[in-house]
1. For the chain, modelled as a Gaussian network with Cα springs under 10 Å, which listed residue fluctuates most, 42, 52, 108?
2. Angle between the Cα long axis of helix 21-32 and the longest principal axis of the chain, 0 to 90 degrees, nearest 10?
3. Is the stretch 117-158 rounded, prolate or oblate when judged by the Cα gyration tensor, a ≥ b ≥ c being the square roots of its eigenvalues, rounded requiring a/c under 1.5 and prolate requiring a/b larger than b/c?
4. Compute the orientation-averaged projected area for the stretch 2-108 from the convex hull of its Cα atoms and round it to one decimal in nm².
5. Describe numerically, in nm with one decimal, the distance between label points set 7 Å from Cα along Cα→Cβ at residue 36 and at residue 22.
6. What is the chain's relative contact order, in percent, from Cα pairs under 8 angstrom and six or more apart in sequence?
7. Roughly how far apart, in whole Å, are the Cα centres of the stretch 98-140 and the stretch 47-61?
8. GNM on the chain, C-alpha springs below 10 Å: top fluctuator among 101, 44, 80?
């Protein structure tokens, strides 16, 4: 497997996402059926860092490649990783488990629901972190949760 970035704008953190050999074989077979030369998969997280985080994978035809995505080349196909999703895909594993009904592709991403806050995090990221790590665990016990809707700068009140 080789890795590269399609753009210098990609996140500096290199993903350590693992697609197991079984999953690679399964994905290769799926991609081959698409009859599209150069097709790969795109991996991303919807609603990252929230309780509603969902790991996703989609076909990625050559004309659909997003320049800021991080590219990981596997022997039979490329995988494109959404740059903003990289911190949430840390330690993620995509596997395929065969069973008598065919099999199941599994996606384990232990950090997908964990907000990431670095020293250069935006105010939105910092507020979301506090909500998810300190407020929502208490609300969850009562069946609730909260989320940041927007941040409005109010020059009158600072």
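Any read-out appearing in this document is the output of simple, stated calculations on the displayed coordinates, not a laboratory observation. Quick caveat: nothing in here was measured; it's all calculated off a predicted structure. As a convention, Cβ positions derive from the backbone with ideal geometry for all residues, glycine included, and neighbour counts pool all protein chains shown.
1. Among 42, 52, 108, the largest mean-square fluctuation in the Gaussian network model of the chain belongs to 52.
2. 80
3. Since a/c reaches 1.5 but b/c is at least a/b, the shape of the stretch 117-158 is classed as oblate.
4. With every direction weighted equally, the projected area is 7.1 nm².
5. If labels sit at residue 36 and residue 22, their model points lie 2.7 nm apart.
6. 24
7. Computed from Cα coordinates, the inter-centre distance equals 11 Å.
8. Fluctuation is largest for 101.
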